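Novice: Below is one structure. I have some questions about it.
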Amino acid sequence: MVTIPVLETPSLARDGFCIFRGAVDAETVSELLAESHRLRADALAGNATPVEVLRVPGTGPDGPIRALRNVTRGSAHFAKAVADQIMARPLVPPEVPLHWVGVQSLFWKRPGDESATIGWHRDTWFRADQAWVVERSPTYFHCALILEPMSPETGSIRLVRGSHLVGPVERQGGSVMVTAAEPDDVRAYGLDPAAVVAVRLAPGDLLCWSVETVHASGPNLHGPGERTQFVTGWVVGGTSPVPDLVIA
């Protein structure tokens, strides 16, 4: 396996992502991690839940679960975290309008599961049917609150530095749940493997990236923990592109 360099102090403007260390307090992180375990236990047990379960494509109703979406529907703790904008305000000053756009997903990786990767992609690919995404993409970003340690050893997010600036990147076939995530695989998108970096983050840290930044994640080969993260999406300035959206 190729060793991917860790970038400690990225710039959102230059690299397409940035880090805020210790942005969320330990008590809140502990509460959200406990909530993530509860929501996952319900999903794994097959209990009726308003939370959306995302399984590996083609594996059927009992296939591996890779993420939970719409988690604020099942947890007041996650709903409060979104309403309080704790994952976005470190990047955006309080006087600047900030709009949540409905993204609210939990991701994790079990130690030793070599199949638990997410292939190279731009987040805009998954909202291409919404006209506002193209117009607002320069001010549209996603933010991951780290609930368990993230490093190259635990399946770090991998990002292609500067890929938010390269113009259109054509989507390849297949689900990102089953496509490749190694540095050399970015050549298929016209990108340079030498620009691929990883991150090393602690619980309470925030990783924010442009929705145009090409990224992926590797498997959690060595633990400890399951590299749990909570991802939300935000648009800066103007009016909300989804004005009828409510937190529930």
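The values are calculated or read from the model by the stated rules, or taken from the named source; none is laboratory data. These numbers come from a predicted model, not from an experiment. Don't worry about glycine lacking a Cβ; one is built from the backbone with ideal geometry, like all the others, and counts go over all protein chains shown.
Novice: Hey, among Leu91, Leu39, which residue is crowded, with 18+ Cβ neighbours inside 10 Å and part of a loop (DSSP other than H, G, I, E, B)?
Specialist: Going through Leu91, Leu39 in turn, the sole match is Leu91.
Novice: Checking Thr3 against (1) more than 30 Å from Pro193 (Cα to Cα); (2) over 19 Å from the mean Cα position of the chain (by Cα), only one condition comes out false. Which one?
Specialist: (1)
Novice: Return yes or no: is Val134 β-branched (Val, Ile, Thr), free of Cβ contacts under 8 Å to residues at least 12 places away in the same chain, surrounded by fewer than 20 Cβ atoms within 10 Å (Cβ to Cβ) and out of contact with any strand residue (DSSP E or B) (no Cβ under 6 Å at 6 or more places or on another chain)?
Specialist: yes
Novice: Here's another thing I want to ask about it. When you scan the stretch 51-68, how many residues do you find that are surrounded by fewer than 13 Cβ atoms within 10 Å (Cβ to Cβ) and within 17 Å of Ala81 (Cβ to Cβ)?
Specialist: Of the residues in the stretch 51-68, 0 are surrounded by fewer than 13 Cβ atoms within 10 Å (Cβ to Cβ) and within 17 Å of Ala81 (Cβ to Cβ).
Novice: Within the stretch 207-215, does at least one residue satisfy the condition of being within 19 Å of Ala83 (Cβ to Cβ) and of a type outside the set (D, E, K, R)?
Specialist: yes
Novice: Taking Leu159, is it farther than 10 Å from Ala216 by Cα, crowded, with 20+ Cβ neighbours inside 10 Å and modelled with pLDDT of 95 or more?
Specialist: Judged against the criteria, Leu159 is not a match.
Novice: Taking the criterion of being under 14 Å from Thr3 (Cα atoms), modelled with pLDDT of 95 or more, more than 15 Å from the chain's Cα centre (by Cα) and surrounded by fewer than 23 Cβ atoms within 10 Å (Cβ to Cβ), would at least one residue in the stretch 214-225 satisfy it?
Specialist: No, the stretch 214-225 has no match at all.
Novice: Give me a count of the residues in the stretch 23-36 that are assigned to a loop (DSSP other than H, G, I, E, B) and loosely packed, with under 12 Cβ neighbours inside 10 Å.
Specialist: 1
Novice: Here's another thing I want to ask about it. Do we find a residue being in contact with a His (Cβ under 9 Å, 6 or more places away or on another chain) and in a strand (DSSP E or B) anywhere in the stretch 53-71?
Specialist: No - not one qualifying residue is present in the stretch 53-71.
Novice: Are any residues in the stretch 118-128 part of a loop (DSSP other than H, G, I, E, B) and modelled with pLDDT of 90 or more, and if so, which ones?
Specialist: Within the stretch 118-128, the subset part of a loop (DSSP other than H, G, I, E, B) is 122, 128.
Arg122, the sole residue that qualifies.
Novice: I want to confirm something. Restricting to the stretch 129-150 and keeping residues that are charged (D, E, K, R) and not in a helix (DSSP H, G or I), which single residue is modelled with the highest pLDDT?
Specialist: So the first thing to find is which residues in the stretch 129-150 are charged (D, E, K, R), and the list is 129, 135-136, 148.
The next check asks that each one be not in a helix (DSSP H, G or I); those that pass are 129, 148.
Working: Asp129: 82, Glu148: 97.
Applying the filter and picking the extreme gives Glu148.
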